[in-house]
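Taking it in order: structure first as structure tokens, then the write-up.
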Amino acid sequence: MPIDNDIRRLRFENGEMTQAALAEKVGVTRQTIIAIEQNKYAPSLEAAFKIADAFSVPLESVFKWSKG
Amino acid sequence: MSRVSSFRERVAWSALSTYIMVFFVFFWTLPQSWTDRAGDPKMSLLALGAFVLIVGAQWLGRALEAPKRESQPDEREQLIALKADRIGGMVTMLGAIGVTATALLFGYNAVFLANLVLAALLIGQIAKTITQLVYFKAGA
């Protein structure tokens, strides 16, 4: 998948935020957070913004798109 | 990292195992009725009743047992449901075409054709559930 993310690092930097806690903030299931973190699922734009908001960082600090 | 199944994934597993268990006998008897081209209407009605009961029980169970925060499917689960519906629908449609062709070509009686329609519906449901489980494992 050409979209990579830094969710694992950001969770670590935010006091080892659990996947369940992040899922609660974003309003999705923990399994969806796991799938996003492992690059198995590309979230919707809304969910992506909510994830960035949960870490109080801009979207591009969470998700990176590699061309080609 | 532990792999914990979501509520809907567990529901899909239980649905698949129930379909296979309950309809094992039905599918077992279908080839036997093929030879006399008739089929047992009692068995068909029983299978149809069980099918309606299972689907109804699943709806009820989902409504009552879903954890509060999982009462509504999230975006990934909705996407998986749509993909599974598409595959299940295609399989059911192919089954319906097969049954129609069988009726037109061989002119089997209504009870036997009803058995085939029921089989097509069930295979469609099983295909849908398996697709869901595959996508739950794969991510989406």
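Numerical summary
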| item | result |
| --- | --- |
| Proxy reagent accessibility, fewest Cβ within 10 Å first, across B:Tyr108, A:Tyr41 | B:Tyr108, A:Tyr41 |
| Solution diffusion estimate, µm²/s, Stokes-Einstein, segment B:65-140, Kirkwood Rh from C-alpha pairs, 4 °C, viscosity 1.567 mPa s | 93 µm²/s |
| Shielding by other protein chains, A:15-22, mean Cβ within 10 Å | 1 |
| Filtered GluC sites (Glu not before Pro), segment A:1-64: DSSP coil and at most 16 other beta carbons within 10 Å | A:Glu16 |
| Where Rh is the Kirkwood radius over Cα pairs, Rg/Rh for chain A | 0.92 |
| FRET E, pair A:Glu24, B:Gln78, Förster distance 25 Å, beta-carbon r, rounded to 0.05 | 0.85 |
| Full-stretch length increase - B:Val134, B:Ser17 - with 0.36 nm per residue and alpha-carbon distance subtracted | 40.6 nm |
| Förster radius 35 Å - calculated FRET efficiency between B:Ala57 and A:Ile3 (Cβ-Cβ, nearest 0.05) | 0.35 |
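No lab work stands behind these numbers, since they all come straight from the coordinates. These figures come from a predicted structure and were not determined experimentally. All Cβ positions, even for glycine, are placed from backbone atoms using ideal geometry, and neighbour counts span all protein chains on display.
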